[in-house]
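Nothing in this text is a laboratory measurement; each read-out follows from the coordinates by a stated rule. All of these numbers come straight from a predicted model, not from anything done at the bench. Reconstructed Cβ throughout: ideal geometry from the backbone, glycine too, with neighbour counts over all protein chains shown.
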Amino acid sequence: MSRTMLCVLTAGVLASVSLGTSLVRRHVLGEETRVPHDPGTYRVALHVSAQSTGDARLMTACPLDFGGQHVFGEETSSDTLSAKAIESRHGERRHIQWSLRPGAARGPVQASYEFYCSVGVRRGNSSMGRLNKLLHAPPKPGEDLAASPGIDPSDAEITELALELTAGLETKVDKARALFHFVAEEIRAEPRGSQSAGECLTSGRGDALGRTRLVVALCRNRGIPARLVTGILLAKSGAQKAHTWVEAWVGDYWMSMCPAHHHCGRVPATYLIFGYGDMLMVRAKRVRDLDYAFVVEPTAQAARASDEASPLRAFFARVSLHSLPPAEGRLVEFLLLLPVAALIICVFRNLIGLESFGTFAPALIGLAFRELASLPGILVFLSIVLVGWLMRRVMDRYHLLQVPRTAFMLSLVVVMLIALIVAANYRDVAATRYISLFPLVILTGMIERFWTLETEDGAWCSFKTLVATLVIAATISLVVGIPVLVRHLVNYPETIGLVMACQLLIGRYTGYRLLELYRFRDFLRQPEVNATEEPS
């Protein structure tokens, strides 16, 4: 069997397995390939609007992925703002950082953050379990007992009331319940804006936040560690703001209490947690007229009765990429796009005939451009390569060995980036929008390749290759930035088999490239034979 036939057969097997798996997945799961078929699955959208007065910055909170709640399918969109996901080391805080796009004028700004969430999850991933243990661990000595903004446990009126309500009670559970029932039954619910615990008690009325602060203050006064929980209510229809409730440590577990809806001991699974503490869902700088709202709706699948589970359905649901934690999900999405970027490079180099600086360099640069989504990012990259090339010419006088020379070039690139960041900060420009994702090693390697190619083939050839690399990287950025493609790869990751099949077929192509056909077009033309001339 020839090598070409072997490649064709292997490509056919890969394509058949990929398409077959996708068809089986689609047949078994149906629409569940996009959204898990679960009665506890909801689609949530956060819409933010404001008026920018300068270089606007927003910070929107994201729900936690832990315990019985799982978050997936996160998407951000805005015409004027660029988004960047930020997550703490252990995942106990998650935010989306929004910054004004380059060239965007002052005026109205809008941002949307959408995600799916499943609540009441019985079998979560290991990351959810680790975070659940961390957030539900016993409080450290003195933790969740001191005063905090809006909560003063040592207030005289609060102390007097707490002593009166807990007189004769022994256990922390009984004390916490007595304090809760007083607030839930005696403090009148009224939307009065943010109130401190003392103000809520004095007026005898307050909103959900004020009443929650009062419960926390009363518990802390009696030596019961208590904390606020911030989130939203998935069971609530229409637009809504943030909701707060209480968790009190009663000796061996955190007991949940919601004075606004009279839940004591536990709250429904539809209470989606965004974080612990008196946190803001949306924070902003250099904006005015800030407003936001959450809109929650059950998925179409959740509205129907679930079908009988089959082993195949359970298997596909278990291995679905939607079951991954948000951070791992974004990493897998990046990895899925790498083979697609490599295929685009194969098309440009083996079918079209454009040369580039390596194979992985254009792929990584293209994915970085996808995140940056701006022309300044390309200009910054080009500037760094050209400045590094000039420095490389100066370094050639020292005749360094290859490894120390590359290390020195890496240090020079770092110095350039630091200088650029400092200069941008002086001009009040966020340089991290343009250079934070550029791999320094790739930059250093391209500078070295640029210099080597100039030495071997001349300056024109090196500049031509640099331009071709940027064209390939820009094309990769445009293709992998198509939302439909990204969603399809996440829903059907076996599509990578089709990509690999195309790579195999291109790998055996030995015909003319398009640019070669253009360069040698004169040789391909048939010579015109003069009819009046007789052959010699």
Theoretical gain in end-to-end length, Lys84 to Thr53 [0.36 nm per residue, Cα-Cα removed] | 9.1 nm
Give the range of the longest stretch in the chain that excludes all trypsin sites (Lys or Arg not before Pro) found in loop regions by DSSP and having at most 12 other beta-carbon atoms within 10 Å.
-> 124-265
If segment 316-361 were replaced by its equivalent ellipsoid, with semi-axes equal to the square roots of 5 times the Cα gyration tensor eigenvalues, what would those be, largest first, whole Å?
-> 32, 11, 5
With Cα atoms, 0 to 90° folded angle of helix 440-457 axis to the chain main axis | 10 degrees
Rank-order 8-16, 417-425, 242-250 by packing density, defined as the average count of other C-beta atoms within 10 Å over each peptide's residues, highest first.
-> 242-250, 8-16, 417-425
Greater than 31 Å apart at Cα, pairs in Lys133/Lys175; Lys140/Lys236; Lys133/Lys236; Lys140/Lys175 = Lys140/Lys236
Where in segment 250-302 are there chymotrypsin sites (Phe, Trp or Tyr not before Pro) that are in a DSSP coil and have at most 15 other Cβ atoms within 10 angstrom of their Cβ?
-> Tyr253
Cβ-based exposure ranking for Ile506, Ile476, in which fewest neighbours within 10 Å come first = Ile506, Ile476
Taking Cα atoms, how many degrees apart are the long axis of helix 496-507 and the longest axis of the chain, rounded to 10 and kept between 0 and 90?
-> 10 degrees
Give the order of His136, His27, His70, His322 when sorted by the count of other beta carbons within 10 angstrom, beginning with the fewest.
-> His27, His136, His322, His70
Applying the gyration tensor rule to the Cα atoms of segment 93-136 (axes a ≥ b ≥ c; rounded if a/c under 1.5, else prolate if a/b exceeds b/c, else oblate), the class is prolate
Over segment 1-117, equivalent-ellipsoid semi-axes from the Cα gyration tensor in Å | 40, 22, 14
Given unit charges at Cβ for Lys, Arg (+) and Asp, Glu (-), the dipole magnitude of the chain about its Cα centre in debye, nearest 20, is 520 debye
How much length, in nm to one decimal, is gained on full extension between Asp457 and Phe408, taken as 0.36 nm per residue of separation minus their Cα-Cα distance?
-> 15.2 nm
Measure nothing but the geometry: give the 0 to 90° angle between the long axis through the Cα atoms of 326-346 and the longest principal axis through the Cα atoms of the chain, rounded to 10°.
-> 10 degrees
Among rounded, prolate and oblate, which fits segment 449-530 when a ≥ b ≥ c are the square roots of the eigenvalues of its C-alpha gyration tensor, a/c under 1.5 means rounded, and a/b larger than b/c means prolate?
-> oblate
Output the antiparallel fraction of DSSP beta bridges having both residues in the chain, as a percent to the nearest 5.
-> 95 percent
Residue span Lys285 to Arg318: 0.36 nm per residue of separation minus Cα-Cα distance leaves a gain in nm of 7.7 nm
State whether segment 156-276 is rounded, prolate or oblate according to the following rule on the C-alpha gyration tensor (a ≥ b ≥ c being the square roots of its eigenvalues): a/c under 1.5 gives rounded; otherwise a/b larger than b/c gives prolate, and the remaining case gives oblate.
-> oblate
Inter-probe distance in nm under a simple model that places probes 7 Å from Cα toward Cβ, at Ile352 and Val387 | 2.9 nm
FRET efficiency estimate (nearest 0.05) - Cβ-Cβ, Phe523 to Met1, R0 51 angstrom = 0.90
Diffusion coefficient, µm² s⁻¹, Stokes-Einstein with Kirkwood Rh over alpha-carbon pairs of segment 135-179 at 25 °C and 0.890 mPa s | 200 µm²/s
Built amide H within the under 5 Å cut-off of Gln110, gap 5+ = Asp79, Thr80
Can you sort Val109, Val17, Val215 so the residue with the fewest Cβ neighbours within 10 Å comes first?
-> Val17, Val109, Val215
How many percent of DSSP beta bridges within segment 156-276 run antiparallel, rounded to 5?
-> 90 percent
To the nearest 20 debye, what charge dipole does segment 156-276 have about its Cα centre, counting +1 at the Cβ of each Lys and Arg and -1 at the Cβ of each Asp and Glu?
-> 380 debye
Leu515 and Leu400 label points (each 7 Å along its Cα→Cβ direction) are spaced in nm at 3.1 nm
Ellipticity estimate at 222 nm from DSSP helix runs (n ≥ 4, -39,500 (n - 2.57)) divided over the chain, nearest 500 | -15000 deg cm²/dmol
Compactness index (Cα Rg / 2.2 N^0.38 Å), the chain | 1.27
GluC sites (Glu not before Pro) restricted to segment 132-205 and DSSP loop, no more than 10 other C-beta within 10 Å = Glu170
